[in-house]
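Input: a single structure, listed below in structure tokens.
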Amino acid sequence: MELVRDPSEPSLVTVLVNGVPSSCLDLADPRRLEFEYMQQMAALTEHLPDGPLDAVHLGAGACTIPRWLHATRPGSRQLAVDIDARLLELVRTWFALPRAPHLRLRAAEARATITHLPDASADLVVRDVFAGDRTPEPLTTAELCAQVARVLRPGGLYLANCADRPPLATARSEVATLRSVWPHVALVAETGVLRGRRYGNLVLAASAVPFALDGPLRVLRSMVVPSRLLEGAEIAEFAGSTPVRRDPSVLDD
């Protein structure tokens with residue numbers, strides 16, 4: 001794990017894990033988000049009512065989104081989970097992270113953690129977990145989504161970071177899986193990624209209630225890098241007939 005400072009902006013730090021950029025944060029301004037997919041996630045949280053939130057982060061990284069949420073939604077109570085205990089020790093040492101109960105860090109496996117959280121205990125669940133350039137399969141299935149839906153309160157929001165390359169087969173299957181659990185699913189990505197021109201991040205969103213999109217769309221339109229949001233008929237067309245992802249134990253039955 002390595003920290004790289006921006007020579008022109010010493011407060012801007014990129015966290016590299018095994019040489020790959022994992023997080024980027026401004027030590028002086030937790031409200032600043034450099035990665036486009038994090039900006040997209042931040043825009044989508046406008047779907048939620050104003051005020052503090054109870055949030056669960058599957059994949060802690062450098063806790064960029066938890067820092068942002070703490071700054072923009074004072075009083076929020078958050079749990080950030082990561083399987084890498086040493087990573088959590090380092091980010092707690094390096095960065096001025098909020099302390100419990102505002103932000104609790106837990107070294108644990110994400111699937112096991114969400115399975116044991118109480119019903120209707122979170123307003124927001126964020127999945128940002130990678131092994132290499134892919135999200136581990138157990139965190140992409142309908143059974144995992146059912147656990148997230150159980151943990152979310154009515155009107156809560158699930159956000160997932162999906163990295164994919166043309167022809168976006170992974171993203172399509174993840175959207176199909178979300179649609180098997182939630183009635184309302186959306187996707188946000190840069191135009192070039194969405195058109196299958198290059199590898200990149202797509203942000204998936206799911207909720208039991210219709211999305212309040214006025215705020216998110218306003219933010220997305222103001223971003224430096226153009227992004228597009230798909231929902232309704234467009235998201236159904238994007239998923240097409242792609243099979244739903246299931247746990248191996250379910251497929252074996």
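The values are calculated or read from the model by the stated rules, or taken from the named source; none is laboratory data. Note that the structure is a prediction, hence the values are computed from the model and not measured. Here the Cβ positions follow ideal geometry from the backbone for every residue, glycine too, while neighbour counts run over all protein chains shown. For accessibility, only protein heavy atoms count, side chains too; no ligands or nucleic acids. Shrake-Rupley method; radii C 1.70, N 1.55, O 1.52, S 1.80 Å.
Of 93, 72, the order by accessible heavy-atom surface (1.4 Å probe, DNA, RNA and ligands excluded), from most exposed downward, is 93, 72. Annotation: per residue accessible area for the chain equals 46 Å², rounded to a whole number [probe 1.4 Å, protein chains only]. Taking every DSSP beta bridge that has both ends in the range 1-107, the antiparallel portion is near 55%.
What the Cβ-Cβ distance of residue 222 and residue 94 gives, at R0 = 22 Å and to the nearest 0.05, is a FRET efficiency of 0.10. For the range 1-145, the calculated P(r) over all alpha carbon pairs, in 5 Å bins from 0 to the bin holding the longest distance, is 2, 9, 20, 23, 22, 15, 7, 2, 0, 0 percent. Report summary: the helix-based calculation at 222 nm, which adds -39500 (n - 2.57) for every DSSP H run with n ≥ 4 and divides by the residues of the chain, gives -9000 deg cm²/dmol. Taking all Cα pairs closer than 8 Å and separated by 6 or more residues, the relative contact order of the range 70-118 comes to 48 percent. Looking only at 239, 171, 120, which one moves most when the chain is put into a Gaussian network model with springs between Cα atoms under 10 Å? Of the options given, 120 has the highest mean-square fluctuation.
Measure off, as a whole percent, the carbon and sulfur share of the 1.4 Å-probe accessible area of the range 15-107, all protein chains present.
Numbers: 2010 of 3990 Å².
Percent of accessible area from carbon and sulfur atoms in the range 15-107: 50.
The GNM of the chain, with springs linking C-alpha atoms under 10 angstrom apart, assigns the highest mean-square fluctuation among 29, 128, 164 to 29.
By definition, a body whose alpha carbon gyration tensor gives a ≥ b ≥ c is rounded when a/c is under 1.5, and the chain falls into this rounded group.
Taking the chain as a Gaussian network of alpha-carbon nodes connected by springs under 10 Å, the highest mean-square fluctuation of the residues 77, 218, 153 belongs to 218.
Rg and Dmax of the range 98-187, based on Cα coordinates, read 13.6, 42 Å.
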